[in-house]
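The values are calculated or read from the model by the stated rules, or taken from the named source; none is laboratory data. For clarity, every value in this text was computed on a predicted model and none was experimentally measured. Please note: Cβ atoms are built from the backbone with ideal geometry, for glycine as well, and neighbour counts cover all protein chains shown. Heavy atoms of the whole protein, side chains included, go into the accessibility calculation; ligands, DNA and RNA do not. Shrake-Rupley method; radii C 1.70, N 1.55, O 1.52, S 1.80 Å.
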Amino acid sequence: MSVFDIFARLEREKAQKEAAAVPIEWLVVGLGNPGSRYENTRHNAGFRALDAYCRHSGQRIDRLKFKSLVGEGTFGGRRVLFLKPQTFMNLSGEAVRDAAAFYKIPPERIVVLFDDISLEVGRLRVRPKGSAGGQNGVKSIIYQLQSDQFPRVKIGIGGKPHPDYDLADWVLSKFQGDDLQKIDEAAERAWQAAEEIVRNGPASAAQRFNGTN
């Protein structure tokens, strides 16, 4: 190893230690269901967005804490904790509640990324707050935080192909064909929208990303 390589490694280690000393300021939460059975399903769009960010940045979200897979990093110029709750969708709020309480993070600094059946596949919608809109993971978060005042990035997964189609079967179905490319592109834009929320607020993110596909 050359002197230059040693110096570069020491600089990286110093930067990592300095970053770790900064307290967690935000939570960035991707919703989904754990396990290989649910990979590539519509309901896992939030997980997919965080996975896309990890591929882009080298960020790791692989430690078990707060009933989640977690990772600490700098995102949008702030120190954040990334969470992928492992409680299954309907209980996602437990993980968010525990992490928020531990780091004393108010709802306004918790960004949640999740699937939305009311949007066509690949379309995004940023909101600063609001109701669950029938999304059970968000419903759980609202219940556990006793607040709906958290910003969110909705990722379109498309509606049921016909009215009689079972909703649970639909959201747990896997992306295929053109939809697969659309959701992969949306996952990239979704984490960018979350980063913009952290950096400049939901209004700025909505202006940049709402309706894009």
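Give region 41-56 a look and list any residue that's in contact with a strand residue (DSSP E or B) (Cβ under 9 Å, 6 or more places away or on another chain) and either exposed (fewer than 14 other Cβ atoms within 10 Å of the Cβ) or closer than 14 Å to G137 by Cα (or both), or say none. Within region 41-56, R42, H43, N44, A45, G46, F47 qualify.
Do we have S131 as among the polar types (S, T, N, Q), in contact with a Gly (Cβ under 8 Å, 6 or more places away or on another chain) and either open to solvent by 50 Å² or more (accessible area, probe 1.4 Å) or at pLDDT 95 or above (or both) here? Write out each step before concluding.
On the way: among the polar types (S, T, N, Q): yes; in contact with a Gly (Cβ under 8 Å, 6 or more places away or on another chain): no; either open to solvent by 50 Å² or more (accessible area, probe 1.4 Å) or at pLDDT 95 or above (or both): yes.
Here the answer is no, as S131 does not meet what is asked.
P161 meets the conditions (1) closer than 14 Å to E120 by Cβ; (2) in a helix (DSSP H, G or I); (3) open to solvent by 60 Å² or more (accessible area, probe 1.4 Å); (4) not polar (S, T, N, Q) in every case but one. The failed one is (2).
Taking the conditions exactly as written (open to solvent by less than 30 Å² (accessible area, probe 1.4 Å), polar (S, T, N, Q) and at pLDDT 90 or above), does S68 satisfy them or not?
Values: open to solvent by less than 30 Å² (accessible area, probe 1.4 Å): yes; polar (S, T, N, Q): yes; at pLDDT 90 or above: yes.
So S68 passes the test.
Does G137 fit the bill of being outside any helix (DSSP H, G or I) and either touching a strand residue (DSSP E or B) at 6+ places or on another chain (Cβ under 9 Å) or buried (at least 18 other Cβ atoms within 10 Å of the Cβ) (or both)?
Working: outside any helix (DSSP H, G or I): no; either touching a strand residue (DSSP E or B) at 6+ places or on another chain (Cβ under 9 Å) or buried (at least 18 other Cβ atoms within 10 Å of the Cβ) (or both): yes.
So G137 does not fit the description; no.
This table checks each residue for (1) open to solvent by less than 30 Å² (accessible area, probe 1.4 Å); (2) at pLDDT below 95; (3) of a type in the set (D, E).
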{"position": "V3", "(1), (2), (3)": "no, yes, no"}
{"position": "E18", "(1), (2), (3)": "no, yes, yes"}
{"position": "P23", "(1), (2), (3)": "no, yes, no"}
{"position": "G58", "(1), (2), (3)": "no, yes, no"}
{"position": "I61", "(1), (2), (3)": "yes, no, no"}
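Against the numbered list (1) over 14 Å from the mean Cα position of the chain (by Cα); (2) assigned to a helix (DSSP H, G or I); (3) farther than 19 Å from K154 by Cα; (4) at pLDDT 95 or above, A95 comes up short only at (1).
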